[in-house]
Amino acid sequence: MEKLVKHSLPKLSYEYKDLEPYIDAQTVELHYSKHHQGYVDGLNKAEESLAKARETGDFTSVKHLKREIAFHGSGHTLHTLYWANMCSSKNAKGTPSGDLLKAIESRFGSFDVFKKEFSAATAVVEGSGWGLLVYVNGVLEILTIEKHQNITQIGAVPLLTCDVWEHAYYLKYQNRRAEYITNWFNVVNWDDVEARFAKALKN
Ligand code: MN3
C-alpha cells in the first residue's frame with residue numbers, strides 16, 4: 001500500500017493570547033485546535049480512502065473522495081497560510097515595506113486603497129469564505145473564495161489571506177465582520193507576506 005505522509009497542524013509562532021485585543025485567545029484556540037484540526041483529520045482520512053481505492057481498484061467512491069480532498073485540502077492550506085500571515089499584536093509592523101509595498105502602490109495606487117478594496121471585498125463574501133491577496137500573471141490581485149473547494153484562479157500564488165468563516169470572529173465580533181477585518185489588519189505579519197512575494201517574483 002502507498003506510504004502516506006500524515007498531515008498535521010502547523011506550529012504557531014505565537015501564543016493563543018498574543019493576537020489580543022484584536023482576536024481573542026478563545027477564538028484562536030477553538031479555530032486552531034478544533035476547526036483546523038478537523039480539516040487535517042478529514043484530509044488524512046480521504047487520502048487513506050483513496051490509497052485503499054488505488055490498491056483494490058475500486059473507484060466507486062472517487063467523486064466523493066475527490067470532493068473531500070478538495071474541501072479538506074484547501075481548508076488545511078488556507079488555514080496554514082492564515083496562521084503564518086499573523087503575528088503577535090506587539091510585533092506587528094502595521095504596513096508592508098520594500099518590493100511588496102511598491103507593488104501594492106503601483107497596482108492599487110496606495111496601501112490605503114489596497115486595504116479598502118481588500119476589506120470591502122472580504123466583508124461581502126457570501127456565507128463562509130476568504131479574502132485573498134495573490135500574485136498572478138505578473139501582478140497583485142485581490143480574490144475572494146466563497147467555497148474553498150472550488151478553485152478560483154489557477155496559477156495564483158496566495159500571499160495573504162483573511163478567514164471570514166464565522167468561527168474566525170463570531171465569539172468576539174458576532175455579526176460585525178467588517179470590524180473583525182479592520183482589527184485583523186493589526187496582527188498581519190507583513191514580513192511573512194513580503195517573503196512570500198519575494199519567492200513568487202523569483203519563480
Ligand atoms: Mn477557519
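Sparsely packed loop sites in the stretch 40-102 (the GluC sites (Glu not before Pro) outside DSSP H, G, I, E and B with at most 10 other Cβ atoms within 10 Å) do not occur. Candidates ILE154, MET86, GLY98 compared by Cα position along the dipole of the stretch 60-203: farthest toward the positive end lies ILE154, with charges placed on Cβ. Among the trypsin sites (Lys or Arg not before Pro) in the stretch 1-102, those placed in a DSSP loop whose Cβ has at most 12 other Cβ atoms within 10 Å are LYS3, LYS6, LYS11, LYS90, LYS93.
Taking 7 Å steps out from each Cα toward its Cβ at SER97 and GLU141 produces label points 3.1 nm apart.
The magnitude of the dipole of the chain, with charges of +1 and -1 set on the Cβ of Lys/Arg and Asp/Glu and taken from the Cα centre, is near 260 debye. Would you please name the GluC sites (Glu not before Pro) within the stretch 94-151 that are DSSP coil residues with at most 13 other C-beta atoms within 10 Å of their C-beta? Filter output for the stretch 94-151: GLU126, GLU146. What's the center-to-center distance, using Cα atoms, between the stretch 150-203 and the stretch 61-78 in Å? If we compute the Cα centre of each part, the gap is 21 Å.
Principal axis extents of the Cα atoms in the stretch 1-140, from largest to smallest and rounded to whole angstrom, are 56, 38, 29.
Taking 14 Å as the straight-line reach from the Cα of LYS115, the aspartates and glutamates in range (excluding those fewer than 8 positions away in the same chain) are GLU105, GLU141, GLU179. Label positions at ASN175 and GLU55, each projected 7 Å from the Cα along the C-beta direction, are separated by 5.0 nm.
Summed over the residues of the chain and divided among them, the accessible surface reaches 54 Å² per residue at a probe radius of 1.4 Å.
The values are calculated or read from the model by the stated rules, or taken from the named source; none is laboratory data. What you are looking at is a predicted structure, and each value in this text was computed from that prediction instead of being measured. Neighbour counts are summed over all protein chains in view; Cβ atoms, including those assigned to glycine, are modelled from backbone coordinates with ideal geometry. Note: areas computed on protein heavy atoms with side chains; ligands, DNA, RNA excluded. Shrake-Rupley method; radii C 1.70, N 1.55, O 1.52, S 1.80 Å.
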